[in-house]
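Undergrad: Could you have a look at this structure, given as structure tokens, before my questions?
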Amino acid sequence: MQNSRSKPCSCPSLKLREVASMYLTVVAAFLVILVVALQGSVPRQSDFPYKVPLDPQGLLELSWNVSYPEQAVHFQLLIRELQFGLLFGMSDRGEFENADLAVLWSDGHNSYFGDAWSDAKGQLHMDSQQDYQLLGARRAPEGLYLLFRRAFSTCDPKDYLIEDGTVHLIYGILEKPVHSLQAINISALHGGLQRVQLLKPNISIPELPQDMKTMEITAPDVVIPSQETTYWCYMAELPEGFPKHHIIMYEPVVTAGNEALVHHMEVFQCAAEFDSFPHYNGPCDSKMKPERLNYCRHVLAAWAMGAQAFYYPEEAGLAFGGPGSSRYLRLEIHYHNPLVFKGRRDSSGIRLYYTATLRPHDAGIMELGLVYTPVMAIPPGEDSFILTGYCTDKCTQLALPAAGIRIFASQLHTHLAGRKVVTVLSRDGRERQVVNADKHYSPHFQEIRMLKEVVAVFPGDELITTCTYNTEDRSRATVGGFGILEEMCVNYVHYYPQTQLELCKSAVDPGYLHRYFNLVNRFNDEEICMCPQVSVPQQFYSIPWNTFNRDVLRSLYGFAPISMHCNKSSAVRFPGEWEKQPLPRITGRLREPGPRCPPAPGPQPAAPVPLQLGQLR
């Protein structure tokens, strides 16, 4: 890159304002270098514990760390093949419109870095508040490393608020030189998105026992199908007579070179009531898959791209093996292959760490939320429709031990229409604590997440799970159920000590729903078939979804009694009256925490930082 200042000056004299602007730009660049040099704020490469490929080819690799004292995230972006720059940022659901962006661009001679935002039409604008703070850039044999910092909250209305839960990261590669930020055409970029949990909990790793052993549940060198999305199922077995052990940790095993294709993986244990399960190795949606594999649904381990090893607290382990436990396991791998690579072989899976020295408590998994039933439905064309499932005080009073239980991890789950999920602990009619929340939830990114702090639940407490759905792209009602186009609202909470309570969920009382169908039939010109032989889904499908019918259904779910499922692991309810139960009465709500604004820096010019990267190709 040539320095234009070394050439003879043939340009006209500059105005004072232009000189001041140039001066401030140089000062800004100098300050970045000075801060890095004096404060040592550029983290070392080993200080980035979290890593994820951004693109399917693995040309862009993001690493990061989280500083809770600073309330900031440090990013390290490796660009293996730098062309004329790139966009990196965050948006609500992975859109390039209304996005918060860090942009590196080049005109072919000079390179620049700046904090920008895109409007509803995708036009880029330099942000008046430069909150992506460049910490350094260096070339290495493997590519260009770009280091920058971003506070969780900036109180800039154009910036994305980084919070707990899923974050949709977006990237775009500049393949041609551009003379300015505004000249970048987002629609012409080669780009994509990656979902991660940026704000990882700061949890100390428990000491592992000396007698710890490992077991790998991995795919047997399968050929990844040459299609964008594949769910692959493989059956594995524990040894005959395998005694009871505690799983105390697990981690992913990803075949080298396939890091960008293995999207998420789960290991399920099969139902103990079956003596045997057939062997299978193939697509999960194949007609050749044995029906019995649908009874392998007890989650032992779950991993999603960007997640690290999962550790159980030192007081508990997840039991497997021994009497009453099936020795059959099902591995499920989601391959995401948007570039449709052919012939790629894979032996990825999950490595379990287990011990015969049992810990004080067995860990348990409890289902919270809504029962899988069509009585809970979402009208079509809804931007934000809310359904809520309850684990009532009556159930916890009966089923939990006097000392309570401790929830340490959680896996949220909906199908394709899910947009937000939250579970709140309520005690004595007042909301006390958020168990887990994801305001940018994606059904395409589900993992078991360790909680930042353990949540204690006592007899008489209530656990309320609320899901928000978007059905704007659907023309008929979406009912609850197991199908991918049906819906769920579930939180699988991981806790100890294990109790007999395995499922604590609810659904609207069927009698009140029948009254709704009667009311809709009476107030609409169109006849809605309510014959006894017509199913609940068919009745929902026949409703004309005008404003009245939508509002009445929303109101019904907000006041009607519920059918409670307070179930043991045998799927039998605890003794008691569980039908037509009143909704929990909540008199005190948790306050939504406001954003924490960092101290206001001195005046910063809305100007990019020049970088000396040499001439780009």
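The values are calculated or read from the model by the stated rules, or taken from the named source; none is laboratory data. Worth saying up front: this structure is predicted, and the values here are computed from it rather than measured. Note: ideal-geometry Cβ built from the backbone for every residue, glycine included; neighbour counts use all protein chains shown. We work out accessible area using only protein heavy atoms, side chains counted, and drop any ligands, DNA or RNA first. Shrake-Rupley method; radii C 1.70, N 1.55, O 1.52, S 1.80 Å.
Undergrad: Using a probe radius of 1.4 Å on heavy atoms only, what accessible surface per residue do you get for the chain? Whole Å² is fine.
TA: 47
Undergrad: Something else about it: Any chance you could tell me what percent of the C-alpha pair distances in the stretch 251-350 go past 17 Å?
TA: Every Cα pair in the stretch 251-350 considered, those over 17 Å come to 59 percent.
Undergrad: Considering only the other residues whose Cβ falls under 14 Å of the Cβ of Pro323, what net charge follows from Lys and Arg at +1 and Asp and Glu at -1?
TA: Once all neighbours under 14 Å are counted, the net charge is -2.
Undergrad: Rounded, prolate or oblate for the stretch 50-200? Axes are the square roots of the Cα gyration tensor eigenvalues, ordered a ≥ b ≥ c, and the cut-off for rounded is a/c under 1.5.
TA: It is rounded, given that a/c, with a ≥ b ≥ c, falls under 1.5.
Undergrad: Mark the label point 7 Å from the Cα of Phe48 along Cα→Cβ and return the residues of the stretch 166-186 whose backbone N is within less than 20 Å of it.
TA: Those under the cut-off are 167-174.
Undergrad: Compute the angle between helix 16-39 and the longest alpha-carbon principal axis of the chain, please, reported from 0 to 90 degrees and rounded to the nearest 10.
TA: 60
Undergrad: Another question, if that's okay. Taking a ≥ b ≥ c as the square roots of the Cα gyration tensor eigenvalues, with a/c under 1.5 meaning rounded and otherwise prolate when a/b beats b/c, else oblate, which class fits the chain?
TA: prolate
Undergrad: Continuing with the same structure: Give the lysines reachable from Lys580 as a straight Cα distance under 16 Å; neighbours fewer than 8 places away on the same chain don't count.
TA: Lys394, Lys505
Undergrad: Counting only protein heavy atoms and a 1.4 Å probe, tell me what percentage of the stretch 364-591's accessible area is made up of carbon and sulfur.
TA: On the stretch 364-591, the fraction of accessible area on carbon and sulfur atoms equals 51 percent.
Undergrad: Also: On the protein heavy atoms, probe 1.4 angstrom, tell me the percent of accessible surface of the stretch 50-200 carried by carbon and sulfur.
TA: Solvent-exposed carbon and sulfur of the stretch 50-200 make up 48 percent of the total.
Undergrad: For a quick protection proxy, order the peptides 391-398, 350-357 by their average other-Cβ count within 10 Å, most packed first.
TA: The packing order, highest mean first, is 391-398, 350-357.
Undergrad: Can you tell me the length gained on complete extension of the stretch Lys342 to Ile386, counting 0.36 nm per residue apart and subtracting the Cα distance?
TA: My answer for the length gained is 11.7 nm.
Undergrad: Given points 7 Å out from each Cα along the Cα-Cβ axis, report the Tyr68 to Ser204 separation in nanometres with one decimal.
TA: 1.2
Undergrad: For Phe458 and Asp211 in one chain, what is 0.36 nm times their gap in residues minus the Cα-Cα distance, to one decimal in nm?
TA: Stretched out fully, the Phe458 to Asp211 stretch lengthens by 85.5 nm.
Undergrad: Post the alpha-carbon centroid distance, the stretch 70-109 to the stretch 476-501, in whole angstrom.
TA: 36
Undergrad: Tell me whether the stretch 364-591 comes out rounded, prolate or oblate; compute the Cα gyration tensor, take square roots of the eigenvalues as a ≥ b ≥ c, and use a/c under 1.5 as the rounded threshold.
TA: prolate
Undergrad: So, one more: Please list, short to long, the whole-number percent of alpha-carbon pairs of the stretch 345-403 in consecutive 10 angstrom bins beginning at zero.
TA: In order of increasing distance, the bins hold 13, 25, 22, 27, 12, 1 percent.
Undergrad: Can you tell me, using C-alpha contacts under 8 Å and at least 6 residues apart, the relative contact order of the chain as a whole percent?
TA: The value is 15 percent.
Undergrad: Taking the 0 to 90 degree range and rounding to the nearest ten, how far is the long axis of helix 547-559 tilted relative to the main principal axis of the chain, both from C-alpha atoms?
TA: Around 70 degrees separate the two axes.
Undergrad: Could I ask something else about it? If the reach is capped at under 14 angstrom between alpha carbons, list the aspartates and glutamates near Lys439, excluding any in the same chain fewer than eight residues apart.
TA: List returned: Asp92, Glu163, Asp164, Glu592.
Undergrad: Determine the calculated [θ] at 222 nm for the chain from helices alone, applying -39500 (n - 2.57) to every DSSP H run no shorter than 4 residues and normalising by the residue count; nearest 500 deg cm²/dmol.
TA: When only DSSP H runs of four or more count, the value is -3500 deg cm²/dmol.
Undergrad: With a 10 Å radius around each residue's Cβ, average the other Cβ atoms per peptide and rank 176-189, 551-564, 574-587, highest first.
TA: 551-564, 176-189, 574-587
Undergrad: Also, I was wondering about something else. Roughly speaking, what is the stretch gain from Asn521 to Glu81, that is 0.36 nm per residue apart minus the C-alpha to C-alpha distance, in nm to one decimal?
TA: My answer for the length gained is 152.1 nm.
Undergrad: Among the listed pairs Lys420/Lys568; Lys176/Lys342; Lys121/Lys158, give every one whose C-alpha distance is greater than 24 Å.
TA: Over 24 Å Cα-Cα: Lys420/Lys568; Lys176/Lys342.
Undergrad: So, one more: Distance in nm between label sites at Ala403 and Ala356, each 7 Å beyond Cα in the beta-carbon direction?
TA: 2.7
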